[in-house]
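The next block holds one structure in the form of structure tokens; read it before the comments.
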Amino acid sequence: MAELAELEDPRTREVNEKHGDDHGVNLSKLRALAKRLKTQQELASRLWETNDTAARLLAILICRPKAFERDELDVMLREARPPKVHDWLVNYVVKKNPHSEELRRAWSADPDPVVASAGWALTTERVAKKPEGLDLAGLLDVIEAEMKDAPGRLQWALNHCLAQIGIEHAEYRTRAIDIGERLEVLKDYPTSPGCTSPFAPVWITEMVRRQHDK
């Protein structure tokens with residue numbers, strides 16, 4: 001904790017807090033510290049218990065993803081309110097855990113929109129890598145009904161899933177683009193030069209073009 005405190009930088013904190021992340025540690029330095037510590041599950045658990053955002057990010061980097069029980073991960077996700085902690089926990093831990101599919105189904109239907117967004121992030125992963133058994137048409141029905149009025153993080157996750165379905169599954173591409181065009185979610189999102197817009201019709205079209213160009 002003392003070492004993390006030394007890495008704290010006020011300007012980094014200022015930038016991070018604009019995105020809802022209450023820490024001021026440069027992530028490259030955090031990763032370097034994690035590399036030095038290597039995997040330490042017990043230390044990771046103790047760091048998580050501090051409730052400090054930088055400590056929790058470090059915990060995620062040095063933990064053993066497969067060591068967590070289902071209920072443990074459920075509690076951790078509900079505690080992980082800063083966006084970076086939430087994203088890293090889902091992507092670096094839950095996706096590698098044997099309970100990920102069970103949690104995906106439970107979280108997707110959760111009344112807490114932040115928890116539900118984690119379920120949809122896991123669904124997007126399956127759409128891309130393991131779509132067998134998924135009801136893609138049913139997912140599009142839910143996205144069509146709920147995305148327009150969903151709170152920020154859940155809306156973003158639903159939009160990502162919509163785009164992924166359109167990119168990966170040609171038979172649903174026209175419908176995915178149509179849903180995006182009608183709902184206009186993230187249509188005016190500011191996009192840096194050289195980056196792809198998160199507006200689903202633009203995102204789908206651009207990614208499909210790149211696949212064809214390979």
Next item on the list: Select from the stretch 125-135 the residues that are hydrophobic (A, V, I, L, M, F, W, C) and surrounded by 17 or more Cβ atoms within 10 Å (Cβ to Cβ) and list them in ascending order.
Entry: Val127
Next item on the list: Go through the stretch 105-124 and give me each residue that's under 16 Å from His160 (Cα atoms) and open to solvent by 30 Å² or more (accessible area, probe 1.4 Å).
Entry: Ser108, Pro113, Ala121
Margin query: I need the helices (runs of 4 or more DSSP H) fully contained in the stretch 39-114, keeping only those with at least 3 residues that are of a type in the set (A, V, I, L, M).
Written below: 41-49, 53-62, 70-79
Note to self: I'm trying to understand the selection: among the residues of the stretch 3-24, which are within 21 Å of the chain's Cα centre (by Cα) and either touching a residue at least 12 places away in the same chain (Cβ under 8 Å) or assigned to a loop (DSSP other than H, G, I, E, B) (or both)?
What the structure shows: Asn16, His19, Gly20, Asp21, Asp22, His23, Gly24
Margin query: Condition check: more than 15 Å from the chain's Cα centre (by Cα), open to solvent by 60 Å² or more (accessible area, probe 1.4 Å) and in contact (Cβ under 8 Å) with a residue 24 or more places away in the chain. Does Glu102 satisfy that?
Written below: yes
Item checked: Unmet criterion (only one of (1) assigned to a helix (DSSP H, G or I); (2) without any contact (Cβ under 8 Å) to a residue 12 or more places away in the chain; (3) in contact with a Leu (Cβ under 9 Å, 6 or more places away or on another chain)) for His212 -> (3)
Next item on the list: Can you tell me which residue among Ala150, Ala176, Ala121 is closer than 28 Å to His19 by Cβ and in a loop (DSSP other than H, G, I, E, B)?
Entry: Ala150
Checklist line | Filtered residues of the stretch 150-163 (kept if open to solvent by 30 Å² or more (accessible area, probe 1.4 Å), closer than 21 Å to Ile177 by Cβ and in contact with a helix residue (DSSP H, G or I) (Cβ under 8 Å, 6 or more places away or on another chain)) | finding: Trp156, His160
Item checked: Residues of the stretch 173-191 satisfying the condition of being farther than 27 Å from Arg81 by Cα and crowded, with 19+ Cβ neighbours inside 10 Å -> Ala176, Ile177, Ile179, Gly180, Leu183
Next item on the list: Considering each of Val75, Val94, Val85, Val90 in turn, give the residue that is touching a residue at least 40 places away in the same chain (Cβ under 8 Å) and either closer than 23 Å to Pro113 by Cβ or in contact with a Phe, Trp or Tyr (Cβ under 6 Å, 6 or more places away or on another chain) (or both).
Entry: Val85
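The values are calculated or read from the model by the stated rules, or taken from the named source; none is laboratory data. Predicted model, so just to flag it, every value in this text is computed and none were measured. Here Cβ is always computed from backbone atoms with ideal geometry, including for glycine, and neighbour counts include all displayed protein chains. Ligands, DNA and RNA are excluded from the accessible area calculation, which covers all protein heavy atoms including side chains. Shrake-Rupley method; radii C 1.70, N 1.55, O 1.52, S 1.80 Å.
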